[in-house]
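The values are calculated or read from the model by the stated rules, or taken from the named source; none is laboratory data. Because the structure is a prediction, the values reported are computed rather than measured. No Cβ is skipped: glycine too gets one built from the backbone with ideal geometry, and neighbour counts run over all protein chains shown.
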Amino acid sequence: MPGIRFEWGPAGAAAIAPGAEVVAVVDVLSFTTAVTVAVERGIRVLPFRWGAAEAVEAARRHDATLAGGRSQAGGVSLSPSSILRSEGIERLVLPSPNGSTIAAGLASTGATVIGVSLRNASAAAAWVGGRSVAVVAAGERWEDGSLRPAVEDLWGAGAFLAALTDRQCSVEAWSALVAYENAGDIDLGLRDCVSGRELIGRGFADDVAVAGQVDSSSVVPVLVDGWFVAA
């Protein structure tokens, strides 16, 4: 069996996580970028299923800040820029419909889960070393709730895979790597992809810029007792 496997979304995570020593979750716009930024700042992050009413109680129980909606003025949210601007936060409950939901689902499986973005792709690969790894691109959702593969997550996975040198890959993993290596200008691509255009149109161009800072971070968020912390 190939040492590196790659799939999409929650169903893909459930399919390839068993047997892998490390599961890398990739959600560039914006969950794993937000997690990387938070952990860079010393903030512990609790991933939570999107829409779960228990998130409020979890934040209260852990004396943590609950991330609000992205459009919430002045508050901390899934927006990486809002986390960069925040002060005094030590613990953050961070729901999202894709990456966070996948990470929360993997927390109970016993797998070692890491958050990978374009910001920390090489650092994460170096941390994984020679261990077997499953890579899960979170993707987005269509209005009916079905998975929409997202090119930014394909590139994020590919950047991580490209840094895992001399490793045997599945065909799917190899395709992600090739997609990243042939993506050209990542900043331009992120601004022009569907997810990037949506965020820019909503006034979150800064989040797209933060996400495109390739290998700007040496931090590897790893899920420990349910919380993402620095490895």
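Worth pointing out:
- First in the range 191-215 and within 20 Å of Ala121 (Cα to Cα), second anywhere and part of a loop (DSSP other than H, G, I, E, B) and of a type in the set (Gly, Ala, Ser), Cβ under 6 Å, 6 or more apart: Ser195/Ala150; Asp207/Ser30; Asp207/Ser79
- Failed item in (1) of a type in the set (Ser, Thr, Tyr); (2) in contact (Cβ under 8 Å) with a residue 60 or more places away in the chain; (3) in contact with a strand residue (DSSP E or B) (Cβ under 7 Å, 6 or more places away or on another chain), with Ser30 passing the rest: (3)
- Some residue of the range 125-144 being loosely packed, with under 14 Cβ neighbours inside 10 Å, of a type in the set (Ser, Thr, Tyr) and over 20 Å from Glu198 (Cβ atoms): no
- Annotation: of all residues in the range 56-66 being surrounded by fewer than 21 Cβ atoms within 10 Å (Cβ to Cβ) and small (Gly, Ala, Ser), the one that is farthest from Val208 (Cα to Cα) is Ala58.
- Number of the condition not met by Asn120 [criteria: (1) farther than 30 Å from Cys169 by Cβ; (2) of a type outside the set (A, V, I, L, M); (3) modelled with pLDDT of 95 or more]: (1)
- Single residue of the range 26-54 satisfying the filter (among the small types (Gly, Ala, Ser) and modelled with pLDDT of 95 or more) that is surrounded by the fewest Cβ atoms within 10 Å (Cβ to Cβ): Gly42
- Elements of the type helices (runs of 4 or more DSSP H) sitting completely within the range 1-110 and holding at least 1 residues that are closer than 30 Å to Gln168 by Cβ and not aliphatic (A, V, I, L, M): these cover 9-16, 31-40, 99-106.
- Among the residues of the range 169-197, those that are polar (S, T, N, Q) and out of contact with any Lys or Arg (no Cβ under 8 Å at 6 or more places or on another chain) comprise Ser175, Asn182, Ser195.
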